[in-house]
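Worksheet for the structure shown next.
Each reported figure results from applying straightforward, stated rules to the coordinates on display, with no laboratory input. Note that the coordinates shown come from a computational prediction; the quantities given were computed from them, not determined experimentally. So basically every Cβ, Gly included, is an ideal-geometry build from the backbone, and we count neighbours across all protein chains shown.
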Amino acid sequence: MKQVFSRPESLKDIQTHFCPGCHHGSVHRLAAEAMDEFGVRGETIGVASVGCSVFLYGYFDVDVIEAPHGRAPAVATGAKRARPDRIVFSYQGDGDLAAIGTAEIIHAANRGEDITVIFVNNTTYGMTGGQMAPTTMVGQKTSTSPYGRDHSKDGYPIRMAELLAQLEGVGFSARVAVNSPKNVMQAKKLMKTAFRYQVEKKGFAFIEVLAACPTNWGMNPLAANQRVGDEMVPYFPLGVYRNTANL
Amino acid sequence: MPHIVIDEARCKGCGLCTIACPKKLVALSDSPNSMGFTVAVFSDASQCTGCTLCAEMCPDVAITVFK
Amino acid sequence: MEAGLSTKLFVKGNEAVAMASVEAGCRYYFGYPITPQSDIPEYLSRELPRLGGEFIQAESEIGAINMLLGASATGVRCMTSSSGPGISLKQEGISYMAGSELPGVIVDIMRQGPGLGGIDASQADYWQATRGGGHGGYRIIVLAPASVQEMYDLTMLAFDLSDIYRIPAMVLADSVIGQMKESLVANPRPVATLPAKDWAVRGRGEGQLQQVVKSLKLGDGEMEAHHWKMHARYQELADAECRWEELQTDDATLIVTAFGSVARIARTAVAMARAEGMQVGLLRPITLFPFPSKAYADLSTRCKRFLDIELSTGQMVDDVRLSVARDTEVDFYGRPPGAGSLPTPEELFEQIAKNYRR
């Protein structure tokens, strides 16, 4: 009898603060598995952002720098330039990366910083209580779009994976989901690619993960999981949008 | 015999494992753990193939799989 | 720098800052163009790549200060520079660095404000610099050079103090000092005993404890404890690191006090007053935080009249009034920043004479 599935070493053996059915836990595990795969736990620096992802240092067994809201790509830039032999990743939500931190992510990507960016898109500001995010779906009700997101006033949800794939500095850009076993297996594979880019010094790597936020969506975990496939995937198609090194 | 072990203390009862199992061997119970979550339970080990899909879906890394 | 002890160079204040940062061992600079400080990034964009360092022209001052935060967290010496509007943008990152106890040097070549203001000399960012500037209640080290030589020497000192106390340090000057060319003796970096950066994030390594650089403090009593710890550290700074210059204060019955560019003009005005037989001295604070309160307190036991001069409507004068003995008269003369508002020595002499005879 062999243990065929267990907790990755890069993930601490402790209970997370995430709500039941929140996909952050899955994304954490996939990132930790990638670090284990390349044996880089001891040389990795994580950059935490502001939001539900802020407790990165509590869950990953790696060194961590906490960044101001949206600034993780700039902080990661400073860390990677100072320690180019280390693996540096940022982990950011949609409000953090696609609203307040738009300038930082675009320019880190455009400079081709040799970092890995994990972007969790759950269409809302989780930590602050479910406000409208730049990725909130048209018509989606949130605590600051009580009548539903109106594209004539609020614009349309931003597709970051496609947007960043337009930049010459980007090596890898992909969107995955963790709402089904099949999607998790694909996410696992592409998460490893996103880290492989850095391990092999192939340039900036970006991986967007569609995720459920049952609590702020006002749904039970299974219904929220279902929504990812039914509503998000059609607007935010899964796939690899840029892969310059064909990894 | 392939089987899974669910860490009751870590389970938050989200049920994502229940939709992952191709043989429907995992179900939510009525019994709460120390956190008050009604936890997932594994039954009929004889049918488990050790495919790991339940564990892959669990956001809380609460399932260990043996094969 | 190859320059020996006796070699005199003729350089701009801003260049002296950049040269000093290199001499101090800084190899990482992150900045954004803004007048009147752009000579600093221009110099370092040329020199740092040759030295195996990194120069990044960031997307904004916000980007630059956060690159500084990231680089500093890994334990290296690093610097950014800017001016008024850019320093305002950097306040977010400075607050996070203060909260995370990260060293780092920030150069502020002040320009006028509020808003876009203008590029002439100003001292109206004294409050912003010495009161923390960002949210949450913190202080940073603030050094105020008044010459090209001091731009060089104090920049090196800023790196050392910042590393020793784990507080961001600011070199605060204006376009008069930054853009002026003067002779410089580019002394080698002074020997300083610096603590090991055992807090730095470098990748935990196998078998090592995890290192975390953060300002989020949610534990019961953790935030309060941090504030008291920093409060005590600011006191240590005040006890050990105050620097100031006194000129002819021994027999003075009127003390003129000013910092930075205006102190240079005041120095000439004081000499003019002395030539007229007036017993006037000059007290020039070099550290603005910690403010040399004791120097003011001591002088005010024997000299009961001070004249504070600033390029603003009066900011440092608050600290002067808090420092002097209660029965001391503190008068103020200021020229709010603006084109044509730099006072002449004659103008300041007139103010000295008026106060002296009063």
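A few notes on this one:
- Dipole magnitude of the protein assembly as shown about its Cα centre (Cβ charges: Lys, Arg +1; Asp, Glu -1), debye to nearest 20: 1280
- For segment A:1-65 versus segment C:57-123, the inter-centroid distance based on Cα atoms is 32 Å.
- Pairs of alpha carbons in the protein assembly as shown whose separation is greater than 38 Å (percent): 43
- Residues of type lysines that C:K181 reaches as a straight line, Cα spacing below 27 Å, ignoring anything fewer than 8 places off in the same chain: C:K8, C:K12
- Once the convex hull of all Cα atoms in segment C:171-259 is built, its volume per residue stands at 260 Å³.
- Between the residues C:N14, C:I309, A:G95, the greatest Cα displacement towards the positive end of the dipole of the protein assembly as shown, with unit charges on the Cβ of Lys, Arg, Asp and Glu, is found for A:G95.
- Farthest positive-ward along segment C:111-203 dipole, Cα basis, beta-carbon charges - from C:Q128, C:I167, C:W199: C:W199
- 3J(HN,Hα) along segment C:209-220, derived from phi through the Karplus expression 6.51 cos²θ - 1.76 cosθ + 1.60 where θ = phi - 60°, amounts to 6, 5, 10, 10, 9, 7, 10, 6, 10, 9, x, 4 Hz, with x in place of Gly and Pro.
- Straight-line cross-link reach from A:K189 at under 15 Å between alpha-carbon atoms covers these aspartates and glutamates, not counting any fewer than eight positions away in the same chain: A:E33, A:D36, A:E37, A:E208, B:E56.
- The protein assembly as shown - share of DSSP beta bridges that are antiparallel (%, nearest 5): 35
- Charge dipole (debye, nearest 20) of segment C:245-357; +1 at Cβ of Lys and Arg, -1 at Cβ of Asp and Glu: 40
- Partner shielding of A:180-188 amounts to 4, given as the average count of beta-carbon atoms from other chains within 10 Å of each residue beta-carbon.
- Ellipsoid semi-axes for chain C, based on the Cα gyration tensor and the rule √(5λ), read 35, 23, 18 Å when sorted largest first.
- Working from label points 7 Å from Cα in the Cα-to-Cβ sense, the C:H135 to A:E200 distance is 4.3 nm.
- About its Cα centre, the dipole of segment A:24-243 is roughly 260 debye, where the only charges are +1 on Lys and Arg Cβ and -1 on Asp and Glu Cβ.
- Calculated FRET value between C:Q235 and A:V240, using beta carbons and R₀ = 51 Å, to 0.05: 0.35
- MRE, 222 nm, helices only [DSSP H, n ≥ 4, -39500 (n - 2.57), over chain C, to nearest 500]: -12000 deg cm²/dmol
- Lysines whose Cα lies under 25 Å from that of C:K217, excluding same-chain neighbours fewer than 8 positions away: A:K12, C:K90, C:K197, C:K229
- For the protein assembly as shown, the residue among A:H69, C:I109, B:M57 whose Cα projects farthest onto the positive side of the dipole built from Cβ charges is B:M57.
- The Cβ shell under 14 Å around C:G134 holds other residues with a net charge of 0, Lys and Arg each +1, Asp and Glu each -1.
- Label zone at A:V4, where the point sits 7 Å out along the Cα-to-Cβ direction: segment B:2-23 residues whose backbone N lies under 12 Å: B:2-4
- By the beta-carbon count within 10 Å of each Cβ, the least crowded to most crowded order of B:M35, A:M35, C:M67, fewest first, is B:M35, A:M35, C:M67.
- Peptide-level mean, for C:24-33, of C-beta atoms on other protein chains within 10 Å: 1
- Sequence-separation-based contact order of chain A, relative, with Cα cut under 8 Å and 6+ spacing, percent: 19
- Among C:I62, B:I19, C:I177, C:I265, the order by Cβ neighbours within 10 angstrom, fewest to most, reads B:I19, C:I265, C:I62, C:I177.
- Look at C:W127, A:W217, C:W228 and count the other Cβ atoms within 10 Å of each Cβ; fewest to most, that gives C:W228, C:W127, A:W217.
- Backbone phi angles across segment A:92-100, fed through the Karplus curve with coefficients 6.51, -1.76 and 1.60 (θ = phi - 60°), yield HN-Hα couplings of 9, x, 6, x, 5, 7, 9, 10, 5 Hz in residue order; Gly and Pro are listed as x.
- A cut-off under 13 angstrom between Cβ atoms defines the neighbours of C:R274, and their net charge, with Lys, Arg +1 and Asp, Glu -1, is -2.
- Calculation over all alpha carbon pairs of chain B in 5 angstrom steps from 0 returns a P(r) of 4, 22, 32, 25, 13, 4, 0 percent.
- Cβ-defined net charge surrounding A:T244, 11 Å radius [Lys, Arg +1; Asp, Glu -1]: +1
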